[in-house]
Amino acid sequence: MTKLYQKPATLDEIAKAVGKHKATIERWANEGGWISSEGTSRGRHKKRLYALKDLPAHIREAVEHKRHDDEVRQFHEEQQAKAAVSASNQTEAETGKALTVSPAKAKALKRAGPNDNQGDTFDKQREHALAIQTVMRWLDSHPSGKQAKALRELNYRYHHGALPSHLMAALERCKQKKSGKARSNDILAKGTVEKWRVRFREQGDYVPNVKAPDLTFKPWHDDLMEMIANNPSKKTLQWMVEKLVEKYGSKVVNYRKAHYWCRTKLSKYEITKGQNSGMALKAHLAYRPRSAAGMMPWDEIHADGWATHFTAPHPRTGDYVTYEVWDFHDVATRYVPPLSIGLRECYEVIARGIENAIRDNGVMSILQTDSTKIVKNNAKFTGDDLTSLANRIGFEIKHPVMVGNAHANGIPENFHAWLDRESREIATYQGKKMDRNTHRLVGKLTKQMVKAAAVGNTGHYEMLKTEAEKISGGIVFTSPDEALAWLESKRQKWNNKPHSALKQISDPETGKMRHQTPLEALNEFKANGWEPVMIAGATLIDIFREKAKVKVRKGIVKPYANMLFHHKDLYAYEGEEVLVCYDRMDYRQVWVRNLKGQLICVAPHWEASPYRTQTAQQAADEKRGKAQIRLRENAIEDIRRKSGLDDQGNVIEGEAKRVVPFELPEPEPEKRAIEFNQVPEHLEQKLNFAETCKFLYGDQEDEEEAKSNKPASSF
């Protein structure tokens, strides 16, 4: 046995090893007649010393294990102190500062020995070697002096949790790698210990012989980072590696190296940032939700347009087209006022939506829309005190800071997603989830329905409508009024449907808890004293009239097209700029105001000026129609250039003249009874075109000359 186990034990040491009080151990010694000797402590106090061989077996084993564990713990601490000093030495050497080692650390370093050949290894490898060192010290210093018995005890105490914490941690760090099915449940096998001993004999330490990877930043890393940072088209890593190989060669970089570097050293956020921008990037980032707590109705309204995911009849032609729906949402109650519906996104549709919201529950404080150019920086909505709706009515228009930020306008976007789901009951639904073949068949049927309605074939029209409804299993709108009525029914359904953003209440009918509906929330605010800021009907009509600044010429103003309006009071404002308000659907009169907003007169239409009367709506339609014709003419010219029709040199009014060579076939001989197969001698020679015509039809000039020389006939 080593000196560690030959040293006698004191009552304090036995008590700590057994886990009992000192008085209990003393009573056991007196009752059991343990052989002891007297010794003197540093304070010259007498103490009992018990030789380990004279102690009972279980007491002796407990003391030996305690000394064993303490010795290994001390060794572990010394190795940790040595590693800390080594790391500090490396840091100080890099910074160029003088290294100061305390006496305690120097003493620990001296006890640890000169086994410090780990300068080129990682911290993880050094920690692994320290764990192996701790376990091997425990095995080599076991009281039995036998490795097999020490391994059995080590594995047994590990599975029962009876080992010291530092030894448990060391075993967890250096345990054998699990590859395939393990032969036993032991934490440490005999073969592993033998491999560690061989490694120590060969290299002088227990550091795993793992090659340290090269962590230097290479030029191709910079090029790869640049390609990844600017990759909106989401090019593959293989494509990037091919470009790098062309520049640096296959020996410097390959796919395996690039993939390992991206996987271990590159942030995934950098990859995502290079592939996305704007809202596509924000979809991958954290978003702070907003709360409407404390807001009152009509404090803030969010609005957005939605192109219907279904088609309905055009008001004029009857063709099936999509509509543009502008919906307005109160943030506090999620209530939706009457919708504004048109054929396209334009000023008139948005202005009608604002008017509907004001007529429903008064003037809003803030109106938020997306960054559409029809609203943003448009003098008709904001900026001009005389003409802009926001300045005249008294509300503020806001837009998201980031263009295209769907999160900022999420309330209307969620409503549009709900409308899309509701639209699937319509036969002409054309969303992303609609079957393409069914949509194509229904489109053909609706076109045939339009043709049947144009000729008044009612029976065929109804048959086509029934077939379309049968194929798609949905509704087919036969008029714009049906589509408008359907949209209004969905608005009513939304306002009477529980909304998750509103508080929970007890349902009056069922008694169960549910969220409030938008209409219930609005009515609750009204019941608690909230009153809308309303505008009188006549004033509201005047606010939403079209406005134009024009100059007075000879008592006449011309707000649009060639329409002239005259009043005698306008002579006083000759050459001055005035504000003309007019109704887009009524050409008969306009309201003329000065630049302070005061009414000057109501000028009637000056009948003698134009050849025909025209409303502003008709003028706009005419302008749009001419623009469409001009666009199609440009498309025709483009087709001519691409097809090469203008390069032939023989184009007459847009059509290429095709020259076909004409060859007259030889005439068949006249069949006669006599000389049936004989050909006249004068036909044996080949005749030209003129001679052939003379042969077939005669010489017209000779006949006319003969007629002129013929004497007049007598009666």
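The values are calculated or read from the model by the stated rules, or taken from the named source; none is laboratory data. All figures in this text were calculated on a predicted structure; none of them were measured in a lab. Here the Cβ is made from the backbone with ideal geometry for all residues, glycine too, and neighbour counts use every protein chain on show.
Key figures
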item: Any hit, the stretch 495-507, residues being over 26 Å from Val325 (Cβ atoms) and not in a strand (DSSP E or B); result: yes
item: Boolean, Ile471 is in contact with an Asp or Glu (Cβ under 8 Å, 6 or more places away or on another chain), more than 30 Å from Val331 (Cα to Cα) and in contact (Cβ under 8 Å) with a residue 24 or more places away in the chain; result: no
item: Where Val241 falls short, out of the listed (1) buried (at least 20 other Cβ atoms within 10 Å of the Cβ); (2) in contact with a strand residue (DSSP E or B) (Cβ under 8 Å, 6 or more places away or on another chain); result: (2)
item: Pairs with Cβ under 9 Å, 6+ apart, first in the stretch 378-391 and on the phi > 0 side of the Ramachandran plot, second assigned to a loop (DSSP other than H, G, I, E, B); result: Gly383/Asn377
item: Subset of the stretch 373-397 [of a type outside the set (A, V, I, L, M, F, W, C) and either closer than 17 Å to Pro297 by Cα or surrounded by 14 or more Cβ atoms within 10 Å (Cβ to Cβ) (or both)]; result: Lys376, Asn378, Lys380, Thr382, Asp384, Thr387, Ser388, Asn391, Arg392, Gly394, Glu396
item: Top-ranked residue in the stretch 262-302 [being of a type in the set (Gly, Ala, Ser) and over 29 Å from Asp223 (Cα atoms); ranked as modelled with the lowest pLDDT]; result: Ala286
item: Some residue of the stretch 510-523 being assigned to a strand (DSSP E or B) and within 30 Å of Leu389 (Cα to Cα); result: no
item: Within the stretch 443-457, tally of residues that are crowded, with 16+ Cβ neighbours inside 10 Å and either among the charged types (D, E, K, R) or at positive phi (or both); result: 0
item: Top-ranked residue in the stretch 561-575 [being surrounded by fewer than 12 Cβ atoms within 10 Å (Cβ to Cβ) and within 57 Å of the chain's Cα centre (by Cα); ranked as modelled with the lowest pLDDT]; result: Asn562
item: Residue within the stretch 454-477 that is part of a helix (DSSP H, G or I), under 27 Å from Gly318 (Cα atoms) and within 32 Å of the chain's Cα centre (by Cα) present; result: yes
item: Hits in the stretch 211-236 (condition: touching a Phe, Trp or Tyr at 6+ places or on another chain (Cβ under 7 Å) and surrounded by 14 or more Cβ atoms within 10 Å (Cβ to Cβ)); result: Trp220, His221
item: Index of the failed condition, Thr317 passing every other in (1) of a type in the set (Ser, Thr, Tyr); (2) modelled with pLDDT under 95; (3) surrounded by 23 or more Cβ atoms within 10 Å (Cβ to Cβ); result: (3)
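Yes/no matrix, rows are residues, columns are (1) assigned to a helix (DSSP H, G or I); (2) of a type outside the set (Ser, Thr, Tyr); (3) within 18 Å of the chain's Cα centre (by Cα):
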| residue | (1), (2), (3) |
| --- | --- |
| Lys234 | no, yes, yes |
| Glu270 | yes, yes, yes |
| Gly274 | yes, yes, yes |
| Tyr287 | no, no, yes |
